[in-house]
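Structure, as C-alpha cells:
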Amino acid sequence: MSPTTRPPAEPDRFESEQSKAERERIAARQLDRDLWTIVGHMAASLLVYGGIGYLLARWLDHPILLLVGIVFGLVLSLGYTIWLANRGGRLHR
C-alpha cells in the first residue's frame, strides 16, 4: 500500500495516557501560577494602597483614610485581575 492509501496507525495507548498525564500536569501548573498571581495582586494592593492610606491618615489625622486606602487597593486589584482573566484567559504574562 502506498502512504496515501494506507490507513493511519492507531496511536499507542501508553503514549496517549502519558500525553494526557503531561497535559494535566501542565494545566495544574498553569492554575497554580494563576492563583499565586491573584494572591500577589491582592497582597501588593494591601501593602501599597494601605501604606498610602496609613501615611495620609497619620499626616492628615483622619484614621478612616487607612480603610479607604485598603478598600481602594482591593477593588483596584480585583478589577485588574478580572480584566486580565477576561482578556486572554491567562493571568500571568
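The values are calculated or read from the model by the stated rules, or taken from the named source; none is laboratory data. Keep in mind that what you see is a predicted model, and the values were worked out from it rather than measured. Neighbour counts run over all protein chains shown; Cβ positions are idealised from the backbone, glycine included. Ligands, DNA and RNA are excluded from the accessible area calculation, which covers all protein heavy atoms including side chains. Shrake-Rupley method; radii C 1.70, N 1.55, O 1.52, S 1.80 Å.
Numbers at a glance
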read-out: Some residue of the range 63-85 being open to solvent by less than 50 Å² (accessible area, probe 1.4 Å), modelled with pLDDT under 90, hydrophobic (A, V, I, L, M, F, W, C) and within 21 Å of the chain's Cα centre (by Cα); value: yes
read-out: Qualifying residue in the range 20-33 (condition: open to solvent by 100 Å² or more (accessible area, probe 1.4 Å), modelled with pLDDT under 90 and over 19 Å from the mean Cα position of the chain (by Cα)); value: yes
read-out: Unmet requirement for Leu91, which otherwise passes all of (1) surrounded by 12 or more Cβ atoms within 10 Å (Cβ to Cβ); (2) at pLDDT 90 or above; value: (2)
